[in-house]
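These notes are about the structure you will find just below.
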Amino acid sequence: MTFKKLTNYTGILVFLITAIVYFFSVERTGSLWDCGEFVLGAYKMEVVHPPGASLFLLIGGLFANFAKMISDNPSNIAFAVNLMSGMFSALAAMFIAWSTIILGKLALVGKDNELDKAQMYSVAAGGLVAGLATAFAVSIWFSAVEGEVYSMSTFFTAMTIWATFKWYNLPNTVEADKWLIFAIFSIALSTGVHLLSVLVFPVIALLYYYKKYKNHNIKGILISLAIGVAMIGFQLKIIIAGIPKLWTWWELFTVNDLGLSFQSGLVPTILTIGGLIYLGIWYSKKSGNYILHLITLSAMLMVIGFSTIGVVVIRANADTPVNMNVPSDAFRLLPYLNREQYGERPLLRGPNFNAKPTNYTTEPRYGRVGDHYEQVDEKMTPVYDSKDLMWFPRIGHNDGQHTKLYKAWGIKKPTMLSNLSFFFRYQLKWMYWRYFAWNFIGKQNKQQGYYSWDVSKGNWVSGIKPLDDAMYYNTDFLPDSMKREKAHNGYFFLPFIFGLLGMFFQYKRRKKDFFALMILFLITGVGIILYANQPPNEPRERDYVLAGSILTFAIWIGLAVPALYTTLLSYIKNNKTLVAGIASLLVLTAPVLMGVQNYDDMSRKDHYATRDYASNFLNSCDKDAIIFTYGDNDTYPLWYAQEVEGIRPDVRVVNLSLIAVDWYINKLRKRINDSPAIKLSIPPDSIRGNKRNQMVFYNPDQEKLKQAWPLKNVLRFMSEGHPIRSARSSFPSFIPTKRMYIPIDFKKAVSSGWINESDSSKFVNKIPLNFDKKNYLTKDEIAILDILANNLQDRPIYFSVTVRNVKLLGLNDYTELEGLGLRIVPIKSKSSKGMGIYGSGRVDADKIYENVMTKWKWGNFDKVETFVDESYGPEISAMKMVMSRAAKELIKRGDKKKAVALAKKYFEAFPNFNFAYDYSVLPFIEVLVSAGEIEEAEKHLDILANNVDQYMQFFYSLDQDDLQSFDIEIQKAQMALGGILRILPALGDDDYKKEIESKLKPYMEDNKLQQ
């Protein structure tokens, strides 16, 4: 077999193995976080959050609509997009295999010599190892099983790396340069997915220098790397940001000065760019300048690759149901691509966390007004005193939350020493090394790690018990639930050691190749950490952004095969093929171990919880309802369920994190799917841009600030022009009172089914709003009030139980819990203390019972023992609390049958094998006891008591220093312990009581855990 065939077959084998594993791993429906948004975006070509991922949506649309064509099951649309991610990750693994084979050959015999048979086998096996190590690394695998951009981004990065090394390995001919151009085009296309691939530019520039120039020195290397960095800047600033900026100049001229229609500036923009490219190609041909020809051709391909962004503009103008930021023209597209809504993090010089702005610079933002553009907003950039600025700022987030977190990391005063300390301890060690170790040494558990001194959560482990115990805590007495932890993966350092072996081997044999690969490793790892400048704490683990660094190290793992082969040859000289086989098998243990260890927590084949839990939110609402949500995981899955699977499209999901901007408020005014338009009284012009971002309470007569107004009157007043000016600011209007009310028509409330006739004695004809403790309202609060004032009597309005309590605007006592939503009702009920938002208002136990028993679904977690991601936590807690409160209410009114059924449904939906019983099951056991279901109660009490016993034994086995990392777990165990002992007398079973007490009471009498 020729080397070329062996190379191809190895790459194809990697693809097939990986694709099969991924097929049995990908989620069969929508996933958490942004995935639901990306799936619906691909399916219906809708506009997703900045910066758009246009190429991902185009390709994803092919997969989504193919699934729709061959299947009547709408879940298969998401399955197809998820599977697309799996296939692209499998292709990425294939390209890494081929890249490793190229580098392995170079390391063994160089460019011009041929491999013998045994060398061929060792190099091919190295490619197999590298490909599988890429595929089975947890950070790669995680993205491969869901419909997100990171898998396709990894594919483009891997393909760019392969094309670059393929070009580098070929003879120095014009014909071979087509692969260099292909690598650049791959980067250009990837910008329609994610920007990871642009980081390969410095490696391309360095290898170009190595190949095209004979004499190499430090100066030449530094210049080539600088050119590579400049190429990144060219792609980001000239292509991605520059072309839309050019369009804004032409657009303003053609529309405002020439009176042409919107988008007319696109024509001269295209002509300008096309003209520049034509001139470059013409001049390079005329002058015979080959380098200029390559540069111009590359620039043209960058423009072509970027052109997919046109899909975003076209679909934004179609005004799709999900139309994030509405980037419908040049002026809206530019901040969309620049991700301005996420803010900026200074990299070279910036403020410390104690700094306060001394001034602001402003930059105008234009928008459509009638048939022309006007300034409608401004971008405000804070200016700081020079004494508050530092070089290389790492501790610059100055909101109150991050200031506290910086101090938690030991930074009391913002000095350069503390700045560097934070960089090394948090950003490098915690946010890079920890993630790197997860992939090649091992991972402790599924819990998110926030602090390096917390030994219980999110750390890396090796799988070598004595070492892990020494680093963290004694694991001799782990409870069964911790033993079953599927995300606990140990690789015994094997991938890491083999990676180091391959690294040293390449360094010894091909220093220049090693240096190029090391640059790639550092820039896609540490470089991203430098650029991201992450503050504590992130909403979720961010290991997936380090894919480039991980797949680069996988190449070194693959190079360990030829490294071991050359080492073993000095001991076994008579049979080279045998040596190649031994080396291959030894190193192959690393990716095999990674695959075996990771499969149980990476596979989501049996997961349906994201879709099911989203449907539970939607099915908690009455017809044509409005439900306010807050975060990613109680919004994107709901949008997915509606847009893709057609679940409750009559419900309008209003996200409170988005409602502070005009484009989103204006989207609410329009009908979407089966959901009628939301009536709003404040006209679009009054909230355009920065208008009414903040509205102050003001009345010349201070006493009138306490005079209650009808809410509609207040909204009408504040939408009118009543300009006032303070010492620092001016406002287009103000709010003349801090007290408002929503008047309610009793007959209409009864006839619509909002309340029952029997509630007449509790009915209030005004729902009050009191803002005595506030000095102003923000645009999002004003929008919420506008929705309440104009829609409350016409359609049901709910707040999701997962929103922040403050978002209810003090209406807690005027809500009714009907499921996963709190409905606003004209009945005042005293909220239950100690339950947070879940205790708001009153509870409609019958409606909750109906929803839970007939409408709610459980994601297959009730049937299959599987990995349950920690990100489901808020939704799981919400369902538990809702069911608990309803069951208690049913017991309170004497409906024991329904209460028992609800308790049994809880234990069925959240079985111990996926949701280890803890103190949260106590209310349901108490319900069973109250209803006389003693046998059923004892069955679940046994499981809980056993869990508590195991956890207490575990806690007592720990050193005192380690106990603080388990503070919350200890509190939960003690609450469960106290609850069990409190319930036992009510069982009326003395033998059972003695049995459980003999097991648990000693823990109450020992005070070790109280110290």
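The values are calculated or read from the model by the stated rules, or taken from the named source; none is laboratory data. Keep in mind it's a predicted model, so treat the numbers as computed, not measured. We place every Cβ from the backbone using ideal geometry, glycine too, and count neighbours over all the protein chains shown. In case anyone asks, the SASA skips ligands and DNA or RNA and just uses the protein heavy atoms, side chains included. Shrake-Rupley method; radii C 1.70, N 1.55, O 1.52, S 1.80 Å.
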(request) Please enumerate the residues belonging to the stretch 349-385 that are open to solvent by 50 Å² or more (accessible area, probe 1.4 Å), aliphatic (A, V, I, L, M) and either in contact with a Lys or Arg (Cβ under 9 Å, 6 or more places away or on another chain) or closer than 24 Å to residue 686 by Cα (or both). (result) 380
(message) If a residue must be β-branched (Val, Ile, Thr), in contact (Cβ under 8 Å) with a residue 12 or more places away in the chain and more than 17 Å from residue 97 (Cβ to Cβ), how many such residues does the stretch 155-191 contain?
(response) 5
(message) Of all residues being open to solvent by less than 60 Å² (accessible area, probe 1.4 Å) and modelled with pLDDT of 90 or more in the stretch 410-419, which is nearest to residue 538 (Cα to Cα)? Just the residue, please.
(response) 419
(request) Considering only the stretch 607-643, state which residues are under 15 Å from the mean Cα position of the chain (by Cα) and either among the hydrophobic types (A, V, I, L, M, F, W, C) or part of a helix (DSSP H, G or I) (or both). (result) 610, 636, 637
(message) Suppose we keep only residues that are farther than 17 Å from residue 920 by Cβ and without any contact (Cβ under 8 Å) to a residue 40 or more places away in the chain within the stretch 947-980. Which one would you say is surrounded by the fewest Cβ atoms within 10 Å (Cβ to Cβ)?
(response) 961
(message) Exactly one of these conditions fails for residue 924: (1) free of Cβ contacts under 8 Å to residues at least 24 places away in the same chain; (2) crowded, with 21+ Cβ neighbours inside 10 Å. Give me its number.
(response) (1)
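Scan the stretch 286-325 for residues that are in a loop (DSSP other than H, G, I, E, B) and in contact (Cβ under 8 Å) with a residue 24 or more places away in the chain and jot them down. Step through it out loud before you land on a result.
Taking the stretch 286-325 as the starting set, the residues that turn out to be in a loop (DSSP other than H, G, I, E, B) are 288-289, 319-322, 324-325.
Scanning the stretch 286-325 gives 319, 320, 321, 322, 324, 325.
Enumerate the helices (runs of 4 or more DSSP H) found wholly within the stretch 889-996, keeping only those where 1 or more residues are among the small types (Gly, Ala, Ser) and in contact with a Leu (Cβ under 9 Å, 6 or more places away or on another chain). Talk me through it step by step, then tell me what you get.
Numbers: elements: 896-909, 922-930, 934-956, 960-963, 967-987.
Correct list: 896-909, 934-956, 967-987.
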(message) Being at pLDDT 95 or above and in contact with a helix residue (DSSP H, G or I) (Cβ under 7 Å, 6 or more places away or on another chain) is the requirement here; does residue 189 meet it?
(response) yes
(request) Please report, ordered by residue number, the helices (runs of 4 or more DSSP H) entirely within the stretch 1-99 with at least 3 residues that are of a type in the set (Phe, Trp, Tyr) and at negative phi. (result) 3-23, 54-70
(request) Tally the residues that are within 22 Å of residue 792 (Cβ to Cβ), within 33 Å of the chain's Cα centre (by Cα) and free of Cβ contacts under 8 Å to residues at least 40 places away in the same chain, restricting the search to the stretch 824-840. (result) 2
(message) Any residue in the stretch 244-272 that is more than 14 Å from residue 333 (Cα to Cα) and of a type in the set (S, T, N, Q) sitting within a Cβ distance under 7 Å of a residue that is open to solvent by 50 Å² or more (accessible area, probe 1.4 Å) and assigned to a helix (DSSP H, G or I)? List the pairs, counting only those 6 or more apart or interchain.
(response) 269/250
(request) Identify, from the list 798, 838, the residue that is open to solvent by 10 Å² or more (accessible area, probe 1.4 Å), over 23 Å from residue 739 (Cβ atoms) and among the aromatic types (Phe, Trp, Tyr). (result) 838
(request) Tell me which residues, restricted to the stretch 649-666, are at pLDDT 95 or above and open to solvent by 20 Å² or more (accessible area, probe 1.4 Å). (result) 649
(message) For the stretch 696-715, which positions are out of contact with any Phe, Trp or Tyr (no Cβ under 6 Å at 6 or more places or on another chain), over 13 Å from residue 769 (Cα atoms) and part of a strand (DSSP E or B)?
(response) 697
(message) Among the residues in the stretch 441-460, are any within 24 Å of residue 131 (Cβ to Cβ) and either touching an Asp or Glu at 6+ places or on another chain (Cβ under 6 Å) or in contact (Cβ under 8 Å) with a residue 60 or more places away in the chain (or both)?
(response) yes
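Out of all the residues in the stretch 812-836, which are in contact with a helix residue (DSSP H, G or I) (Cβ under 8 Å, 6 or more places away or on another chain) and either assigned to a loop (DSSP other than H, G, I, E, B) or among the aromatic types (Phe, Trp, Tyr) (or both)?
Kept after step one, since they are in contact with a helix residue (DSSP H, G or I) (Cβ under 8 Å, 6 or more places away or on another chain), are these residues of the stretch 812-836: 812, 815, 817-822, 824-833, 835-836.
818, 819, 820, 825, 826, 828, 829, 830, 831, 832, 833, 835 - these are the residues of the stretch 812-836 that are in contact with a helix residue (DSSP H, G or I) (Cβ under 8 Å, 6 or more places away or on another chain) and either assigned to a loop (DSSP other than H, G, I, E, B) or among the aromatic types (Phe, Trp, Tyr) (or both).
Matching residues to (1) touching a Lys or Arg at 6+ places or on another chain (Cβ under 7 Å); (2) open to solvent by 30 Å² or more (accessible area, probe 1.4 Å); (3) free of Cβ contacts under 8 Å to residues at least 12 places away in the same chain; (4) among the hydrophobic types (A, V, I, L, M, F, W, C):
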position	(1), (2), (3), (4)
505	no, no, no, yes
508	no, yes, yes, no
517	no, no, no, yes
526	no, yes, no, yes
552	no, no, no, no
558	no, no, no, no
(request) Quickly run through the stretch 765-786 and pick out the residues that are under 33 Å from the mean Cα position of the chain (by Cα) and either of a type in the set (Gly, Ala, Ser) or assigned to a strand (DSSP E or B) (or both). (result) 776, 777, 778, 783
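State all residues of the stretch 196-220 that are free of Cβ contacts under 8 Å to residues at least 40 places away in the same chain and either within 23 Å of residue 178 (Cα to Cα) or buried (at least 18 other Cβ atoms within 10 Å of the Cβ) (or both); if no residue qualifies, say none.
Restricting attention to the stretch 196-220, the residues satisfying the condition of being free of Cβ contacts under 8 Å to residues at least 40 places away in the same chain are 198, 201, 205, 208-209, 213-215, 217-220.
The answer is 198, 201, 205, 208, 209, 213, 214.
Counting only residues that are among the hydroxyl-bearing types (Ser, Thr, Tyr) and within 21 Å of residue 290 (Cβ to Cβ), give me the helices (runs of 4 or more DSSP H) lying completely in the stretch 120-230 with at least 1 of them. So that I can check it myself, show each step before the final result.
Details: elements: 138-144, 149-169, 177-190, 201-212.
Per the criteria, 149-169, 201-212.
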(message) Among the residues that make up the stretch 268-276, is at least one of them within 39 Å of the chain's Cα centre (by Cα), modelled with pLDDT of 95 or more, open to solvent by 80 Å² or more (accessible area, probe 1.4 Å) and closer than 21 Å to residue 54 by Cα?
(response) yes
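Residue 76: under 20 Å from residue 610 (Cβ atoms) and among the polar types (S, T, N, Q), yes or no?
yes
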